[in-house]
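Read the structure below first, then the notes.
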Amino acid sequence: MNKITICGVPQKTPHIMYREKFLKFLFHEPEASSTKSIVILLARIIFGFLFLNHGIAKWNGFIDTSDTFPDPLGLGGTLSMWLVLFAEIVCSLGFIIGALYRLCLIPMIFTMCIAFFVIHADDTLAVKEPSLMYLTIFALLYITGPGKYSTDAILKKVYYKL
């Protein structure tokens, strides 16, 4: 029942087409060479753990800073801090192992955009530099994909043949 027929030609139903588009968004990428995949893996590990370290530092100071945490979206300081912790801890872990890689990178990129363009808008480049560095690296790694050595590559082989 997943296919409909138009003039005798089988067609995919809209929910099947959306599912396929979503899976291609998550898992589709050209096969990367082993060298490129190793470089991507090293970048994921190094920058993922560096970003995770920022999240752990925020988590350790949660009680002291949650009330005074910046609120650039008008959600309240505590909720803003929870969202940043989600990006810096949960998404960093997914980024490191390459699980739901692009979905994990979206909150990470968004957090660094807010940090660079809103929170540190009036600061000097020396203060803005870490958020710009992470933003650039995450945007480039979003484009390249997770590489062969990732959880997404395993999921792609097991669950979805592209």
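Where a number appears in this text, it was derived from the coordinates with a stated rule and is not lab data. Remember, predicted model here, so these are calculated numbers, not experimental data. Cβ placement follows ideal geometry from the backbone for every residue including glycine, while neighbour counts extend to all protein chains displayed.
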Study note, to complete from the structure: Karplus ³J(HN,Hα) for the stretch 36-44 (6.51 cos²θ - 1.76 cosθ + 1.60, θ = phi - 60°; Hz, whole; x = Gly/Pro) runs 4, 5, 5, 4, 5, 4, 4, 5, 4
Practice item. Quick one: what are the phi-derived ³J(HN,Hα) couplings along the stretch 48-56, Karplus 6.51/-1.76/1.60 with θ = phi - 60°, whole Hz, x for glycine and proline? Key: x, 5, 5, 5, 4, 4, 4, x, 5
Review point. From the cross-link list K36/K157; K58/K128; K58/K157; K58/K148, which pairs have alpha carbons spaced over 27 Å apart?
Key: K58/K157; K58/K148
**Study point:** Electrostatic dipole magnitude of the stretch 32-150 [Cβ: Lys, Arg +1; Asp, Glu -1; Cα centre; debye, to 20]
**Key:** 700
Study note, to complete from the structure: Length-normalised contact order of the stretch 32-150, Cα under 8 Å, at least 6 apart, in percent, tallies to 34
**Study point:** Rel. contact order, % - alpha carbon contacts under 8 angstrom, at least six apart, the stretch 109-160
**Key:** 32
Point to revise | Karplus 3J(HN,Hα) series, Hz, for the stretch 121-134 with 6.51 cos²θ - 1.76 cosθ + 1.60 (x for Gly, Pro) | key: 4, 8, 7, 6, 4, 4, 7, 6, 3, x, 5, 5, 4, 5
